[in-house]
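Structure record follows, encoded as structure tokens.
Values in this text are rule-based calculations from the coordinates and carry no lab data. None of these values were measured; they are calculated from a predicted model. Backbone-built Cβ (ideal geometry, glycine too); neighbour counts: all protein chains shown.
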Amino acid sequence: MSRTSEDPRALRSRAAALAAATELLVEGGPEKVTHGAVAERAGVGRATVYRHWPDLQSLFLDALAAGARPLLTVEGGPLRDELVRVLEREADWLNQPISASVIATVIERAERDEDVRRLREEMFGRADEDLVGVLAAAVARGELRPGVEEHAQALVSRILGPLLFHRFMLGVRLDKNMVADAVDTALAPWQPDA
């Protein structure tokens with residue numbers, strides 16, 4: 001391990017610079033994330049920022065990654081309750097200004113940047129894969145009808161799609177009722193009595 005990674009001062013300066021880069025991303029978009037602007041905002045020298053991120057792309061990617069998170073990670077338990085619980089937490093994040101900046105930038109840049117495309121996969125791309133096992137368990141418990149596992153991607157789209165549309169296209173702050181409605185609407189066709 002390098003001396004820099006163990007040095008508390010280096011760790012503090014890196015954290016301050018990363019926080020500054022994330023703030024700049026939220027305030028002005030990707031074009032505002034520069035070595036000079038980050039150094040000024042963080043109160044560190046420009047050389048310090050260059051030492052941590054020799055090129056602008058690595059600085060930008062780390063700022064994006066700091067604000068990014070997978071949008072749907074569900075564990076065991078009653079599926080509807082678990083989905084609502086997880087999505088209420090995600091709604092809190094989606095209601096923050098950073099989420100709009102990060103999601104918009106990731107969507108726009110992923111079309112032509114392989115590194116950002118990988119970040120998009122971490123945020124959106126694996127939700128359906130992770131959900132397949134959870135859906136199978138819900139079927140085994142009798143919560144959903146068999147076959148739902150084969151439609152995991154559509155289910156994720158039917159849950160997240162309306163929430164993302166309301167938040168980012170209509171500017172509506174998400175609340176618990178919206179989350180519960182999205183989950184219930186998406187699960188309704190797969191209920192045992194449907």
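Label separation (Asp115 vs Ala154): 3.8 nm, computed from points 7 Å beyond Cα along the C-beta direction. Short-range pairs are left out: with C-alpha atoms under 8 Å and at least six residues apart, the relative contact order of the chain is 19 percent.
Under the criterion of Cα pairs below 8 Å and six or more residues apart, the relative contact order for segment 95-194 equals 24 percent. Running a GNM on the chain with Cα contacts under 10 Å, which residue among Ala63, Ala17, Ala42 ends up with the highest mean-square fluctuation? For the chain, modelled as a Gaussian network with Cα springs under 10 Å, the answer is Ala42. A Förster radius of 35 Å combined with the Cβ-Cβ distance from Leu11 to Asn95 puts the calculated FRET efficiency at roughly 0.70.
Counting neighbouring beta carbons within 10 Å and listing from fewest to most, the residues Thr48, Thr185 come out as Thr185, Thr48.
Placing +1 on the Cβ of every Lys and Arg and -1 on the Cβ of every Asp and Glu, with nothing else charged, gives segment 76-194 a dipole about its Cα centre of roughly 220 debye. Whole-Hz Karplus values for segment 13-27 come out as 5, 5, 4, 5, 5, 5, 4, 5, 4, 5, 4, 5, 4, 5, 6 Hz, taken residue by residue from phi with 6.51 cos²θ - 1.76 cosθ + 1.60 and θ = phi - 60°; glycine and proline positions read x. Report summary: the helix-based calculation at 222 nm, which adds -39500 (n - 2.57) for every DSSP H run with n ≥ 4 and divides by the residues of the chain, gives -20500 deg cm²/dmol.
Under a model in which nothing but the beta-carbon of Lys, Arg (+1) and Asp, Glu (-1) is charged, segment 44-118 shows a dipole of about 240 debye around its Cα centre. Computed from phi, the 3J(HN,Hα) profile of segment 110-122 under the Karplus parametrisation 6.51, -1.76, 1.60 (θ = phi - 60°) reads 5, 5, 9, 10, 4, 5, 6, 4, 5, 5, 4, 4, 5 Hz, with x in place of Gly and Pro. Residue exposure proxy: Glu121, Glu75, ordered by other Cβ atoms within 10 angstrom of their Cβ from fewest to most, comes out as Glu75, Glu121. With R₀ fixed at 30 Å, the C-beta to C-beta distance from Lys176 to Tyr50 puts the FRET efficiency at about 0.10. Each residue of segment 146-152 was assigned a 3J(HN,Hα) from its phi angle through the Karplus curve 6.51 cos²θ - 1.76 cosθ + 1.60 (θ = phi - 60°); the sequence is x, x, 4, 4, 6, 10, 4 Hz, with glycine and proline shown as x. Between Glu149, Glu108, Glu31, the residue with the greatest mean-square fluctuation in the GNM of the chain (Cα pairs under 10 Å linked by springs) is Glu31. With kT/(6 pi eta Rh) evaluated at 20 °C and eta = 1.002 mPa s, and Rh the Kirkwood radius from Cα pairs, segment 3-67 diffuses with a coefficient of 189 µm²/s according to Stokes-Einstein.
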